[in-house]
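Okay, so here's the structure we're looking at.
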Amino acid sequence: ENTKIRVKPDHSGVVTDGVKHSMNPFCEIAVEEAVKLKEKKLIKEVVAVSCGPTQVTETIRTALAMGCDRGIHVEVSGKDYEAMGPLQISKIFAALAKKEEASLIILGKQAIDDDCNQTGQMTAALLDWPQGTFASEVTIDGEKVKVVREIDGGLETIKISMPAVLTADLRLNTPRYATLPNIMKAKKKKIANMKPADLGVDMVSRVEVLRVDEPPTRLAGVKVETVDDLVAKLRANGTI
Amino acid sequence: MFPASRYSIQAQRCIRALKTVKAEHAPPQLYTWRWKCSSAVTPRITSHYTICPRDKDPRWEGVEMERFADEADVVIVGGGPAGLSAAIRLKQLANKQEKELRVCLVEKASQIGAHTLSGACLEPSALNELFPDWKERGAPLNTPVTEDVFSLLTKKYRIPVPMLPGLPMNNHGNYIVRLGHFVRWLGEQAEELGVEIYPGYAAAEVLFHEDGSVKGIATNDVGIAKDGSPKDVFERGMELHAKVTLFGEGCHGHLAKQLYRQFNLRENCEPQTYAIGLKEVWLIDEKKWRPGRVEHSVGWPLNRNTYGGSFLYHLNEGEPLVALGLVVGLDYTNPYLSPFREFQRWKHHPFIAKTLEGGNRIAYGARALNEGGYQCLPKVTFPGGMLIGCSPGFMNVPKIKGTHTAMKSGMLAAEAIFPKVTAKDLASETAGLHVPEYEDNLKKSWIWKELYSVRNIRPSFHNYFGLYGGMVYTGVFYWILRGKEPWTLKHAGLDSAQLKPAKECTAIEYPKPDGKLSFDLLSSVALSGTNHEGDQPPHLTLKDDSVPVANNLAIYDGPEQHFCPAGVYEYVPLETGEGMRLQINAQNCVHCKTCDIKDPSQNINWVVPEGSGGPAYNGM
């Protein structure tokens, strides 16, 4: 997770071979919240879902080790995986939610590799379910959920009906460690396999990545002594 | 806190008074040692439970310390070439004889290969024995060696040294590999054979039966705060019990250090001597790329009395990548020497710079390696366990290869254990199985012959002419006599005892990094991808927090700030008053173990941090 990422020589993306892939930090918080709700006996079963190639089963196992009951691995690999984005994932989640008759979908607010912050919202829209995004506190009250949301102006508290989609923000909880005994027990929990086609989802992307470049190296700053110097320099480089 | 018996009544009163101050995450607490002559103020640095026991610590009262335990037939500590080869061999034997065998392997890195760092030129001898069909299985040996070049460098020039067949450095038939990728492949083979591999879990403690034999290991606790107190997410590690436990922690393992003392394994051998290897991977200009080319050099920038040399290997894996690095013997005497900065300035030599110009650095890392060879081999078996790989140290120093011998030692260990562990009745005097056959097999194998024949090359360096004397010795005795001379030379002793006081040495003027060929320490550390959970006790523990300033800084000018390749140790001015304090930036650590080896006070004890912490090497 901390390897220096570099751009592929053909600028089509970043090199992912050999880079450790681990659970998105906000999704860890989401899993922790779900497990906490189950421990409070407010929900019956937690299913961990991940879309991607074979390596994602490791991530699902970590979720199972944290306390989820079973997992679902939606296999997406190759070109489909490279083109996969929030729209395709939310279609998959929407289809699964209907199939599993879920009452809550909890996700991380955004993935730290693309920072899209779209999957939760799109999933709710596709299902026509209410959404409680950027949650820093979740309380289940009968058939309703009270969500305290972190917004620019402060905190907003809303009450939404279930079934609903929630997205986890940083301060919702501190995820527990997946301890070794739990990892060993998780090997016995079931992970079901399926493909997007089984759920009637087409993976065609509406987005085409043209080019990936490294951010430009930051140039050294220049110190000036007086305001006149500053104005002269700004004039010289065409800013004013 | 500190073992109270070591201090006087006055100090005990101080400690008791301070215990009532239960500050959770306070800045370094200051203790004034009134009973010492100097009024030195030592901020608290070490909070790890191996130095500050938890059983008397009031913050740990009532915390559940019971551990979950599980049983396996064999437990292996360390997912490197030795550990994985042992695991694979065990399962190959079990599957062939249709016997059940539970083999569990724990590895502190977040994934297999992430803490692996080596040149490396792999001699495929052990691999051919382990997997004769390694090519069909897709082992990443993609770069056969095509040219072998050896140079003696001076500040500006290069003297070519002929690479005659028969010299230990000759690489005909070998492969340049990215060892991290090779180890990852070994891990995949092991999992396919049914080995249970648990990356991200470090073996933190050795467990013992009542009769003193090894019972297994316990993995690290998680969720301890920086000041040593339990956090909400605190969880105890797990115990893995086994009939035999294999310790393959690599060079200078921390559990091995404990086992040497416990079972007196080093009573008949010399203390191990080490070197530090720093490595970078560069993407170079395609026009300069010569896949399969192996370059080694000795000489500049090291003086003739500082052992060391460089490597530069051109890989053949699609992109114009080169792996390069510098190895510096840790028996150096000048406390101002910085292996990192020697490495950076070596790259400016015209012969090296011409390959790197126009290229981009994409990786950096460092690791200690063994230099002792035959004279430093300890006893490797004890009731309940054994040592494999670079941990006891089977590296062939003049060949600069240790992977093939590490793998072979793992395989020999497996072959010795298997009949005993699957026998109908365990017939053992001790609860943990003792398998001395492993040591006998080692002595009969090619590892022993190989290490014996090169045993005098490294120590031959300890003469007035230093490097030149060593080269002459190698030319005469190894190349001609193949190591059959009847004497065995000795090493210089403990590396940590070799430093001269700073006032007897001159500081070395290193050039500033130019940002194109040479770089500063912190940007290099960033490239290693190293990181640790910040809120945990520093895993670089000090037996005595006052020793660094009183001894290391006072006499040796703080050599740890020069030899650490990750900038962990810094002497900074105290926030109030005069004087300095040692700041330990544990998060930067790349797990090279150099500090534990070279600290002249032998006050630093490296212990394993929370699992998954450490470098994130990819194919190093």
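Every number here is computed from the coordinates shown, using simple stated rules; none is lab data. Keep in mind the model is a prediction, meaning the values are calculated, not measured. So basically every Cβ, Gly included, is an ideal-geometry build from the backbone, and we count neighbours across all protein chains shown.
Under 10 Å from the Cβ of A:GLU45, count the other residues' Cβ atoms, weight Lys and Arg +1, Asp and Glu -1, and hand me the total.
On the way: positive: A:LYS38, A:LYS44, A:ARG70; negative: A:ASP69, A:GLU100.
Overall, the nearby charge balance is +1.
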| field | region B:410-467: trypsin sites (Lys or Arg not before Pro) in DSSP loop, at most 13 other beta carbons within 10 Å | value | B:LYS424
| query | Taking +1 at the Cβ of each Lys and Arg and -1 at the Cβ of each Asp and Glu, which of B:THR576, B:SER601, A:VAL231 sits farthest along the dipole of the protein assembly as shown towards its positive end, judged by Cα position relative to the Cα centre? | reply | B:SER601
| field | Inter-probe distance in nm under a simple model that places probes 7 Å from Cα toward Cβ, at B:LEU481 and B:ASN128 | value | 2.9 nm
| request: Please compute the Cα-Cα pair-distance distribution of the protein assembly as shown with 20 Å bins starting at 0, giving whole percents from short to long. | output: 14, 43, 35, 8, 0
| task | For region A:11-24, take each phi angle, set θ = phi - 60°, evaluate the Karplus expression 6.51 cos²θ - 1.76 cosθ + 1.60, and give the result in whole Hz per residue in order, putting x for glycine and proline. | result | 6, 8, x, 9, 6, 10, 5, x, 7, 5, 9, 9, 5, 4
| remark: The Cα extents of chain B along the principal axes, largest first and rounded to whole Å, are 70, 66, 48
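Report the net charge of residues surrounding B:ASN552, where surrounding means a beta-carbon distance below 13 angstrom and charges are Lys +1, Arg +1, Asp -1, Glu -1.
Numbers: positive: B:LYS543, B:ARG581, B:LYS598; negative: B:ASP544, B:ASP545, B:ASP557, B:GLU560, B:GLU570, B:ASP599.
It works out to a net charge of -3.
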| Using +1 on the beta carbon of Lys and Arg, -1 on that of Asp and Glu, and nothing else charged, what's the dipole of the protein assembly as shown about the Cα centre, debye to 20? | 1580 debye
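By count of other Cβ within 10 Å, fewest leading, how are A:ILE158, A:ILE72 ordered?
Working: A:ILE158 14, A:ILE72 19.
In increasing order of surrounding Cβ atoms, one gets A:ILE158, A:ILE72.
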| request: Consider just the alpha-carbon atoms of region B:346-471 and return their Rg together with their Dmax, both in angstrom. | output: 20.1, 66
| remark: Everything considered on the Cα gyration tensor (a ≥ b ≥ c; rounded for a/c under 1.5, else prolate if a/b is larger than b/c, else oblate), region A:6-237 must be described as prolate
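Given the pairs A:LYS4/B:LYS287; A:LYS20/B:LYS593; A:LYS185/B:LYS401, which are separated by over 28 angstrom at their Cα positions? If you can, show how the numbers build up before the last one.
Working: A:LYS4/B:LYS287 26 Å; A:LYS20/B:LYS593 23 Å; A:LYS185/B:LYS401 40 Å.
With Cα atoms farther than 28 Å apart: A:LYS185/B:LYS401.
Sorting A:LEU87, B:LEU117 on the 10 Å Cβ count, fewest up front, what's the list? Could you put the intermediate results ahead of the total?
Working: A:LEU87 18, B:LEU117 27.
Starting with the residue having the fewest Cβ neighbours, the order is A:LEU87, B:LEU117.
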| field | Normalised contact order of chain B, rounded percent, pairs of Cα under 8 Å and 6 or more residues apart | value | 19 percent
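Cβ under 10 Å from B:LYS593's Cβ, B:LYS593 left aside: what net charge do those residues give with Lys, Arg +1 and Asp, Glu -1? Present the calculation step by step, with values, prior to reporting the outcome.
Working: positive: B:LYS257, B:ARG367, B:LYS598; negative: B:GLU249, B:ASP596.
Neighbour charge sum, excluding B:LYS593 itself: +1.
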| For A:10-20, what's the mean count of beta carbons from other chains sitting within 10 Å of each residue's beta carbon? | 3
| Cα→Cβ-extended label distance, 7 Å offset, between B:LYS288 and A:GLN55, nm | 3.0 nm
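Using DSSP to call loops (not H, G, I, E or B), can you name the chymotrypsin sites (Phe, Trp or Tyr not before Pro) in region B:408-509 whose Cβ has at most 15 other Cβ atoms within 10 angstrom? If you can, show how the numbers build up before the last one.
On the way: sites: B:TYR438, B:TRP446, B:TRP448, B:TYR452, B:PHE461, B:TYR464, B:PHE465, B:TYR468, B:TYR473, B:PHE477, B:TYR478, B:TRP479, B:TRP487; in loops: B:TYR464, B:PHE465, B:TRP487.
Listed in order of number, the matching sites are B:TYR464, B:PHE465, B:TRP487.
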| task | Output the peptides A:105-118, A:214-227, B:546-559 sorted from most to least packed, where packing is the average of other Cβ atoms within 10 Å over each peptide's residues. | result | B:546-559, A:105-118, A:214-227
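How do B:385-394, B:83-92, B:577-586, B:362-371 rank on mean C-beta neighbours within 10 Å, highest first?
B:385-394, B:83-92, B:362-371, B:577-586
If contacts are Cα pairs under 8 angstrom and at least 6 residues apart, what is the relative contact order of region A:6-237 in percent? Walk me through the intermediate numbers first.
Values: 378 pairs, mean separation 59.3, N = 232.
The normalised contact order for region A:6-237 reaches 26 percent.
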